[in-house]
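Here's the structure, in structure tokens; my notes come after.
The values are calculated or read from the model by the stated rules, or taken from the named source; none is laboratory data. The shown structure was predicted, so the numbers you read here are calculated from the model rather than taken from an experiment. Note that we place each Cβ from the backbone using ideal geometry, even for glycine, and neighbour counts take in every protein chain shown.
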Amino acid sequence: MLDHLTTEASNPASEDLDELSTLELVHLINDQDAGVAIAVGQQSVQIAAAIDAISNRLQQSGRLIYFGAGTSGRLGVLDAAECPPTFSSDPGQVIGLIAGGPSAMTTAVEGAEDSPDLGANDLQTIGLSPKDVVVGIATSGRTPYVIGGLDYARKTGAYAIGLTCNERSELHSHCDLVIAPVVGPEIISGSTRMKAGTATKMVLNMLSTGAMVRQGKTFGNLMVDLRATNSKLHARAKRIVKAATKLSDDAASDLLDECDGEVKTAIVVHQTGESAQQARQMLDEANGHLRQAITGTTEERNRKC
């Protein structure tokens with residue numbers, strides 16, 4: 001039954017929705033959206049715990065796997081797809097699954113979300129292992145596809161995170177950790193692509209970004225895990241090297257060329273005076289964390305002095 005779900009309730013603020021002027025409609029939606037960030041913020045402890053769990057699994061060669069149905073599944077697939085271009089992560093490191101398969105991204109696949117076996121089968125098909133972490137996304141907290149997948153994940157030994165927009169939902173008893181930003185009734189009753197969808201996107205942004213930062217994919221707020229393989233990426237890489245080193249355009253470009261277009265390597269070379277080969281070794285020893293690679297060298301030099 002859906003009657004008790006907050007996401008399915010009628011919103012008193014929008015009872016006269018079809019009688020509003022266009023400007024009033026815009027103001028109402030905006031006013032309602034303003035509360036989404038607050039609801040997400042109230043889940044900060046749970047989100048931080050999820051990021052640490054994801055980061056730990058990725059560090060051990062595990063994967064982050066999102067899965068859901070409808071809007072929830074689409075948002076998971078979107079976040080997964082954005083990780084490689086943003087963080088130069090392996091395309092197989094963050095995966096998005098949607099009930100009904102890839103065609104469900106643009107066309108509803110009737111009944112796909114109602115099968116718990118399908119959720120388990122989709123995770124089995126990608127070879128889910130105990131090293132992985134899954135995020136089952138179900139704003140209602142009751143989607144059979146997601147619950148079936150979470151049950152299979154726990155049985156397999158993978159770490160199971162549930163993301164819902166309802167308190168005390170059925171999903172809560174099927175995972176290791178629950179993130180539940182309660183955004184309240186939608187402007188259009190039950191249209192969870194709106195506030196619930198926005199909350200879901202915000203949480204997923206935090207999970208993937210936080211985990212990638214923990215993996216050393218950034219230096220400060222710079223996107224340093226980038227290799228310049230074409231002219232556009234070379235220009236972006238040069239901007240990043242310039243920001244981190246304060247070098248001129250020409251000097252940054254020359255340094256990148258010397259380091260085969262590897263941003264992290266270039267920055268380590270500039271900061272330490274080591275060769276590109278030695279810089280790569282230092283990065284490997286620091287598990288790819290640029291700041292640790294540089295700081296370790298500085299500390300070693302200080303000890304020798």
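Worth a mention:
- Picking from residues in segment 142-159 that are small (G, A, S) and under 21 Å from A104 (Cβ atoms), the one that is surrounded by the most Cβ atoms within 10 Å (Cβ to Cβ) is G149.
- Inside segment 188-208, residues that are surrounded by fewer than 18 Cβ atoms within 10 Å (Cβ to Cβ) and either over 27 Å from A138 (Cα atoms) or of a type in the set (S, T, Y) (or both) make up a count of 2.
- One residue alone among I47, I95 is in a helix (DSSP H, G or I), within 12 Å of the chain's Cα centre (by Cα), aliphatic (A, V, I, L, M) and under 21 Å from A199 (Cα atoms), and that residue is I47.
- When I29, I38 are screened for being assigned by TED's automatic domain parsing to the domain that holds A199, in contact (Cβ under 8 Å) with a residue 12 or more places away in the chain and part of a helix (DSSP H, G or I), only I29 passes.
- Within segment 221-261, the set of residues being part of a helix (DSSP H, G or I) and of a type in the set (S, T, Y) comprises S231, T245, S253.
- Single residue of V77, V109, V135 found to be in a strand (DSSP E or B) and either out of contact with any His (no Cβ under 9 Å at 6 or more places or on another chain) or at negative phi (or both): V135
- A120 vs. criteria surrounded by 21 or more Cβ atoms within 10 Å (Cβ to Cβ), without any contact (Cβ under 8 Å) to a residue 40 or more places away in the chain and either in contact with a Leu (Cβ under 7 Å, 6 or more places away or on another chain) or more than 30 Å from A228 (Cα to Cα) (or both): yes
- Residues of segment 50-69 classified as in contact with a Gly (Cβ under 9 Å, 6 or more places away or on another chain), buried (at least 17 other Cβ atoms within 10 Å of the Cβ) and in a helix (DSSP H, G or I), total: 4
- Test: residue in segment 216-238 that is surrounded by fewer than 17 Cβ atoms within 10 Å (Cβ to Cβ), at pLDDT 95 or above and farther than 27 Å from P12 by Cα: no
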